[in-house]
Structures are given as C-alpha cells and as structure tokens.
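Okay, so here's the structure we're looking at.
The values are calculated or read from the model by the stated rules, or taken from the named source; none is laboratory data. Here the structure is a predicted model, which is why all the values come from computation and not from measurement. Heads up, the Cβs are rebuilt from the backbone with ideal geometry, glycines too, and the neighbour counts pull from every protein chain shown.
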Amino acid sequence: MIDIITVSTHDAKKLAAELVRLLEAEEHTVRMLVGRQSQVAIEDAKSSRDAVLIIWSEDAPSQTYMREWLRQIDAARLIEIATAPGWPERKDRKSPVIDFSSWRGERGGRAWNTLSDRLKTVARGIEPPKPPARHAAIALGIVSVAIVGVAASVRDHLALAPETAAAAPQEQIVQLEAPTDAVGGALYATEPGSIDDLTALAPVRLLNTQQIHMAPIELTRVNLDPIPEVRDPTLIERLQGALSREESEQTGGN
C-alpha cells in the first residue's frame, strides 16, 4: 500500500471524499487537497514518494494551480481521472486519463478497476525491490555446503573402495521392532514346525528297566452317624409335633 494525495477543485470535493473513503478502506493512506490552497503543497509533493491523484472536473482545467500540479509532478507518480472532458495535454503522460463520468461511488466496475491497476503500477515504481531475506541466504549457503560435502565423501569412498562399489547389491533384512503390549501395531508371525524337523532329532531308544508294580489300594466304606440338627424347630414343626403327641395320648387313653 502507498500514500496518495488527491487534488481537486471544489466542484469535485464530494467525489474526492468518496475516493478517500474507499481507498482508505483498502489500507491506503490518503491526503485530500481541495482548492487553491493546495498549490503550497506542490514543493513537498515533488520530493515525496506519494502518488498524486488529480481529478479533472468541469472547473479543474481552467484553474492555474491544477495545471501546476500536472506540470511539476513526476509522470511516474501521477494518476489522472476525469468527470468531464477538456483536461490539459501532457507529452510525457504515462497513462491515459481514466473516465469517471459515469462512476456512482461503487467499488468495482471498469473505472474503479482501471484506477486500481494504475495504483499498482505506480506502487511498483515508487517502492524499491525488497532485498532477499538474510535467513534465506544463510539457509541456501548451508544447503550448498552440505551438498558439496556429501558429494566429496561419496567421491572419496568410490576412489578408496572401487571393488565394493562394483559388487552386486546384497539382500538385507531389516527387522522392525514394535511394542508387544499395545493394541494393534506390528505382529510377530511364527511359522509352525514342519515334519521334516523330526529328522534332525536323535533316534529314541527304549530304556531296559524293570516294570514298576504298585499294590492295589483298598477303599473302605466308613459309616458315619447322621449329623444332628443344630437349628431350632420352626413353628410348623412344633405344631406338627404337638399334634402328634396329642394323637398318641388319645390313642393310648382309649
């Protein structure tokens, strides 16, 4: 974004204010000059790095201070728009005057897009090219040194051991280690034994020992007394016992 000075006559003051509002919304810093008092700012503007936007309205071509702005400001920093025909000529004009006669204050459209393109062109001429970042140059130097070192080590290795370099590549087996107590991950597959593995075992020989004889075990049945009741009789059991005793008494009495 660049700094901008707008110069206009009083009949274009409303248009200048609308342009200032929209340009500041795009993060430009804008200084608005209106009328004859703007002529005193020409000397400072000549030595500054501001873009100068001149508005050629119906009254502007007849004003001496507007012509002085056109004559003294560098053409590379000059932007001209017009709302009416009749603007003065300039031989070294870098860009044609932009027609703003049908512009209604909107951002967009042919006139606004042409103004934006002209501002970008002026900004590229005002702002010097940025030097490359220091850290990027340092990183590039480190990478270059590393590449040269790797190339030198490879060359020395090939010179010292040419037969190793010419040898056929050997198959290498890499075993990946993974935790066995976690869920998922690598699995360790174990191939089951083959019947051919038994041929590698020593032949089995029978031992010449006497057969072991064990005496038969006799199991004796043990008669245990019934386990006495250790609980108190329930109400039902007491009633049944009382009824039984009463019946036995009646039977004995008869």
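Results, tabulated for the structure shown:
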{"read-out": "Residue tally, condition loosely packed, with under 10 Cβ neighbours inside 10 Å, at pLDDT 70 or above and not hydrophobic (A, V, I, L, M, F, W, C), over region 227-244", "value": "3"}
{"read-out": "Segments classed as helices (runs of 4 or more DSSP H), wholly inside region 1-76, with at least 2 members that are of a type in the set (F, W, Y) and crowded, with 17+ Cβ neighbours inside 10 Å", "value": "64-72"}
{"read-out": "Members of region 1-40 found to be closer than 22 Å to A123 by Cα and out of contact with any strand residue (DSSP E or B) (no Cβ under 8 Å at 6 or more places or on another chain), listed by number", "value": "E18, R21, L22, A25, E26, E27"}
